[in-house]
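Here is the structure we will look at, set down as structure tokens.
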Amino acid sequence: MKILSDFDGVWTDQALEAQSVKLFLAAEAARLAGVPADQALDHFQGYEARVKASPKRYGWAPDGRITAYVDEDPFCVPNSIAVYIEEGAEDHARVYREAVLDGGFETLTAFADHCFHTAAGNYRQEHPPALVPGAAEILHELHQLGAEVLVVSNSPAEKIIGWFTGVGADAGTGPDHDLRVRGQAGKQTLGQKDTSIEVAGRKIFVDRPMYEQVIEEENPDLIIGDVFSLDLALPHVLRGQGRAAAPDRLVLRKLGHTPEWIHSSHAEGAIDLIVESVRDLVDIVKKG
């Protein structure tokens, strides 16, 4: 069985790193706007509450179109806050917006991206890899069962390989490893077409040419991810089209933040199986 897996949220626990990104976003905005840090933190916690109260309106939108919704992934929260600030619904939001733009950022999204990469880099220098417990053992078990495991992530391959080798796993970019890694997958990158599906009243864009190319090249039997829009929506559509490279099974790793509109109906039948842990892949492979 060939397994194509996402990384963050499947093989990692994201909560602390995502929190560090949100705190850095507020601190950087406070610095640029000359606002006391504690006051800015109150403002940004309010912005977070507002975007989460209207999750169909907010998410990660690199080109203005939502590529993943704010309630699907904690890493989408900072970008959603940036969109809210750009809208400038409140006086203090307009203060931050003007300060960020005057600070040399072309858009609030560019500022949020800067904060994400900086904060994530700082976090990873100061903390051990946030891999799920027993990650190396899980990979070894899958390898012993004859499964080929490929991690496909938007993160750089070097980061992912470093995290896995740091806990004793055999990981690399070549085929002679327990885990093969393809980074910079561009799952979030939308093509020119506005092709979409609707799930629970939400438009999910599925023209994702970089990710589609990976699926076509790898021809996996199973795809597992934690964010439906990024990881599973496109392969669901490819399977519905009868594409030869489409996977037979789609699996979602459910986390504490996984929204009800995804897990309660298995994304209206698009998801075959929901698991609580990546370790459940071992049983899936054993059953065939």
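Since every read-out is calculated from the coordinates, none of them should be taken as a lab result. For clarity, every value in this text was computed on a predicted model and none was experimentally measured. Note that each Cβ is placed from the backbone with ideal geometry, even for glycine, and that neighbours are counted across all protein chains shown.
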Kindly indicate whether LEU232 is of a type in the set (A, V, I, L, M, F, W, C) and either assigned to a helix (DSSP H, G or I) or more than 18 Å from the chain's Cα centre (by Cα) (or both).
-> yes
Answer with yes or no whether PRO62 is more than 15 Å from GLN188 (Cα to Cα) and out of contact with any Phe, Trp or Tyr (no Cβ under 9 Å at 6 or more places or on another chain).
-> no
Per the filter on the range 14-39, residues loosely packed, with under 15 Cβ neighbours inside 10 Å, in contact (Cβ under 8 Å) with a residue 12 or more places away in the chain and not in a helix (DSSP H, G or I) are GLY34
Do the conditions hold for VAL237, that is, is it more than 15 Å from VAL151 (Cα to Cα) and surrounded by fewer than 23 Cβ atoms within 10 Å (Cβ to Cβ)?
-> yes
Taking into account only those residues within the range 40-96 that are touching a strand residue (DSSP E or B) at 6+ places or on another chain (Cβ under 8 Å), closer than 18 Å to CYS115 by Cα and of a type in the set (S, T, N, Q), which is surrounded by the fewest Cβ atoms within 10 Å (Cβ to Cβ)?
-> SER80
Does GLU158 meet the test of being over 16 Å from MET1 (Cα atoms), surrounded by fewer than 19 Cβ atoms within 10 Å (Cβ to Cβ), free of Cβ contacts under 8 Å to residues at least 24 places away in the same chain and of a type outside the set (Ser, Thr, Tyr)?
-> no
Failed item in (1) closer than 30 Å to ASP178 by Cβ; (2) crowded, with 20+ Cβ neighbours inside 10 Å; (3) of a type outside the set (A, V, I, L, M), with PHE111 passing the rest | (1)
Identify all residues within the range 257-288 that are assigned to a loop (DSSP other than H, G, I, E, B), surrounded by fewer than 14 Cβ atoms within 10 Å (Cβ to Cβ) and in contact (Cβ under 8 Å) with a residue 60 or more places away in the chain; write none if there are none.
-> SER265, GLY288
